[in-house]
Amino acid sequence: MIMKVIRYPLTRVILAIVLLVGFLFSAGGAHQFLIAKFAIENELAAGALNAGLLIFAACFAYWILVRIIEGRAVTELSARYAVREILIGMVYGVGFISSVMGVLYLLGYFEINSVRSADLLVAPLIAAITTGFVEEIALRGIVFRIMEEWLGTWISLLFSAALFGALHLGNENATLLAAVAIALEAGVLLAAVYMVTRRLWVVIGLHAGWNFTLGGVYSGAVSGGAAEGLLDTTLSGPELMTGGAFGVEASVVTMAIGLTLALLFLFRAGQKGRFIAAPWRREKS
């Protein structure tokens, strides 16, 4: 009876979030302790250490959820696929953002002024990989996956995408349009990509490649936060096209390309039979 309650979908989501937040806070405390213990002053070294601890904490929390609470193998983080699929995902992310910037360049809203030092790529890459792991384990690994099992693919897709967009409302320069854009172009796309493989590696890579390319390469604002990357660039024009202060993630160009990609991945997921019916439709069948 107790295990039935614990394994109930809503209970699992709550327990998983508590576990994840708890381990992430512990990782932060461990980071501060190690920085002081070993007198680490180099910012990149400190950032890499923090990234490693946060990634380990997120993966371990997910392992506890799946292996102990759900009582099964952690197939979503199967090690044999990790390197290949993360790299594939990063290629998707780089290609996606580069296509957005390419369209804006052709339309005359974006230009490259100069190239800065390649050293500026390191910190954004570390930050992007960390964000990719933590957010994808939370949003796709926990929220989308468990809700999909419970309520079916479409309800879970809409809810997790809306939640992903809403969570960005607290970001710098965020607007309602920016939150809707994030929900549509990222929330739907990332869930669709996860559905195709039923593993988290590609979506982690896609998320990381997206953030890294936008901020680390093109110096564009990442979810509203200003960034200084490899290229010194200028983005100007109507807010509807450029995304305004929030950045190109709030641009109609990004929304159009992101939704197109999402539909392609959803179509592929359908071909592979990866959709889960809503509970009332399961009962009919």
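Readers should treat all values here as calculations from the given coordinates under stated rules, not as data from a laboratory. In this text, all values refer to a predicted model and were calculated from it rather than measured experimentally. Heads up, the Cβs are rebuilt from the backbone with ideal geometry, glycines too, and the neighbour counts pull from every protein chain shown.
Data overview
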quantity	calculated
Within a Gaussian network of the chain (alpha carbon springs, distance under 10 Å), most fluctuating of Leu200, Leu77, Leu190	Leu77
Kirkwood-based shape ratio for the range 1-126, expressed as Rg/Rh from alpha carbons	1.10
Positive-end extreme of charge dipole, the chain - chosen from Tyr218, Met101, Val193 (charges on Cβ)	Val193
Most fluctuating residue given options Gly244, Gly216, Gly28, as computed from a GNM of the chain linking Cα atoms under 10 Å	Gly28
Along the chain, longest interval not containing exposed GluC sites (Glu not before Pro), exposed being DSSP loop plus at most 14 other Cβ atoms within 10 Å	42-171
Share of pairwise Cα separations in the range 152-285, more than 20 Å, in percent	48
Relative contact order (percent, whole number), the range 80-284, Cα cutoff 8 Å, 6+ residue spacing	33
Built amide H within the under 5 Å cut-off of Val222, gap 5+	Ala227
Separation in nanometres of the label points that stand 7 Å from Cα toward Cβ, at Ile2 and Ala118	5.7
Among Ala61, Val21, Thr11 the positive-end extreme of the charge dipole of the range 1-70 (Cβ point charges)	Thr11
Cβ charges +1 (Lys, Arg) and -1 (Asp, Glu), total dipole of the chain, debye	1600
Cα-based equivalent ellipsoid, the range 169-225: semi-axes from gyration tensor eigenvalues, Å	22, 16, 7
Length-normalised contact order for the range 1-98 - Cα pairs under 8 Å, 6+ apart - percent	29
For Leu190, net neighbour charge (Lys/Arg +1, Asp/Glu -1) across residues whose Cβ lies under 11 Å away	-2
Rg to Rh quotient for the range 1-73, alpha carbon positions, Kirkwood Rh	1.15
Charge dipole of the chain about the Cα centre (unit charges at C-beta), most positive-ward option of Met90, Thr153, Thr260	Thr153
13 Å beta-carbon shell around Val66, net charge (K/R +1, D/E -1)	+4
Alpha carbon convex hull of the chain, projected area averaged over orientations, nm²	16.5
Contact order relative to length of the range 37-146, as percent, for alpha carbon pairs under 8 angstrom and 6 or more apart	51
Mean ellipticity per residue at 222 nm, deg cm²/dmol - from DSSP H runs of n ≥ 4 across the chain, formula -39500 (n - 2.57)	-19500 deg cm²/dmol
Sequence-distant residues sharing a close amide H with Asp232 (under 5 Å, placed H)	Asn113, Ser114, Val115, Arg116
Net length gained if the chain between Thr260 and Lys37 were fully extended (0.36 nm per residue, minus Cα distance)	75.3 nm
Highest-fluctuation residue, Ala118, Ala138, Ala262 considered, GNM on the chain with Cα pairs under 10 Å	Ala118
